[in-house]
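The structure appears right after this line, and notes come after that.
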């Protein structure tokens, strides 16, 4: 066995020297593209402090929202799919990482033949057992660029997971307030129906005694039917919204009871302060798109490396003998070391076009990245406008309800005294019903405008661990 030591040393030295030669990497080095964006948002109130890094769904002071969000983060199927995508990307990274290093294998054989070197002869046995080595040197950085692309794709899937988390939380809270809205409209409809049924009974009695005309009875019956029709409509909306919320929570459709009432949600969370445009670079969809751009940039280097020769090494060190008993002897040792080079000469510009294709793909991803930033600005500005303008709209709707309730009361009094027609009563009651339904919708939209804003700003930290990490980074 001593005879093979110099050969092994030569082999290891050669492999080490060739590995040092793998310092070249073709293709552009990725750098974050410079995008000109406004320094701040149009509707942002600038202050020195910032409360961005919060679990924002807790700011609504509703324990049921917190419970629903926590359940959804554990059981939602879309989120589980996104988590599996991360593991898939991690496995793909392991595959590309392995391409950088040699491939070690083994082969063994046992053969009996009377045919040796093309000439028949006496039957002989041949036994062999040899480990093998195959290594395509990453001289041009093909595998390392592919590894960079896989790493970026992995990070992109992690940001994609975060984006789905934020979207899920927003959808749960939105649907929760939508359910409260429909339940409130259902209560208003049932209360209005009871009031109008009472009015129909009174008008019916007055008509029976000849006090009022039949048209008054018909008009009251019309309004009673309108209220009656709204009850099953909102019952349907409540059930469908409960089903939608159940799916978001990762379960089968079921009834979900709401503890409070929509109009009691008067304590709104504070709008985050210190809203500079730099906040958008923490949005997971922007960060994910940037990683996709980095991955695509690395693929240019992969395509460029394919235009140049591939250098490979192969080696074998083992034993071979005509007798099994002599495989362990020194004379049975066999080895080989070889290299090969394989490169294109003329392929009708196939490899050149491949590089151009990757460059144009990179240009596409760059524009998608820029468009993601533009859409992020639009979402934040729209959410800021909504949170600001819904305040004024709600104040107007409240005044409308107060005036409509008083008008309905006065119209009934005037009608009872014979001062006015029943049409005035109907109009006043219709205004009150419409105002209460509209107020419920506006309150729901105002609450959800805050949800939109937090989502547009990146959503806040998902876990306590991440929040602690962010706090530590801020202190540093």
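The values are calculated or read from the model by the stated rules, or taken from the named source; none is laboratory data. A quick note: this is a predicted structure, and the numbers were derived from the prediction, not measured. A quick note on method: Cβ atoms are made from the backbone with ideal geometry, for glycine too, and the neighbour counts reach across all protein chains shown.
Some points to look at:
- Search result, residues across region 179-236 that are surrounded by 18 or more Cβ atoms within 10 Å (Cβ to Cβ) and not in a helix (DSSP H, G or I): 212
- Residue within region 453-470 that is over 24 Å from residue 179 (Cα atoms), modelled with pLDDT under 90, outside any helix (DSSP H, G or I) and over 20 Å from the mean Cα position of the chain (by Cα) present: no
- Selection status of residue 285, more than 30 Å from residue 32 (Cβ to Cβ), in contact with a helix residue (DSSP H, G or I) (Cβ under 8 Å, 6 or more places away or on another chain) and either part of a loop (DSSP other than H, G, I, E, B) or modelled with pLDDT of 90 or more (or both): no
- Residue match in region 133-153 (condition: surrounded by fewer than 13 Cβ atoms within 10 Å (Cβ to Cβ), assigned to a loop (DSSP other than H, G, I, E, B) and touching a strand residue (DSSP E or B) at 6+ places or on another chain (Cβ under 8 Å)): no
- Selection status of residue 126, assigned by TED's automatic domain parsing to the domain that holds residue 73 and outside any helix (DSSP H, G or I): no
- For residue 386: the one exception among (1) at pLDDT 90 or above; (2) more than 30 Å from residue 192 (Cβ to Cβ): (2)
- Residue among 259, 264, 270 that alone is loosely packed, with under 15 Cβ neighbours inside 10 Å and modelled with pLDDT of 75 or more: 259
- The condition of being closer than 30 Å to residue 261 by Cβ and surrounded by fewer than 16 Cβ atoms within 10 Å (Cβ to Cβ) holds for only one of 368, 395, 386, that being 395.
- The residues on offer are 172, 166, and the sole one that is touching a helix residue (DSSP H, G or I) at 6+ places or on another chain (Cβ under 9 Å), over 30 Å from residue 436 (Cα atoms) and either in contact (Cβ under 8 Å) with a residue 40 or more places away in the chain or surrounded by 23 or more Cβ atoms within 10 Å (Cβ to Cβ) (or both) is 166.
Conditions tested, residue by residue: (1) at pLDDT 90 or above; (2) within 30 Å of residue 401 (Cβ to Cβ).
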{"position": "100", "(1), (2)": "no, no"}
{"position": "123", "(1), (2)": "no, no"}
{"position": "153", "(1), (2)": "yes, no"}
{"position": "156", "(1), (2)": "yes, no"}
{"position": "168", "(1), (2)": "yes, no"}
{"position": "212", "(1), (2)": "no, yes"}
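- Whether a residue is part of a helix (DSSP H, G or I) and farther than 30 Å from residue 429 by Cα was assessed, and residue 240 does not pass this test.
- Residue match in region 329-336 (condition: touching a helix residue (DSSP H, G or I) at 6+ places or on another chain (Cβ under 9 Å), closer than 30 Å to residue 294 by Cβ and either surrounded by 13 or more Cβ atoms within 10 Å (Cβ to Cβ) or modelled with pLDDT of 85 or more (or both)): no
- Scanning region 340-398 for residues that are under 22 Å from the mean Cα position of the chain (by Cα) and over 21 Å from residue 32 (Cα atoms) turns up 378, 379, 380, 381, 382, 383.
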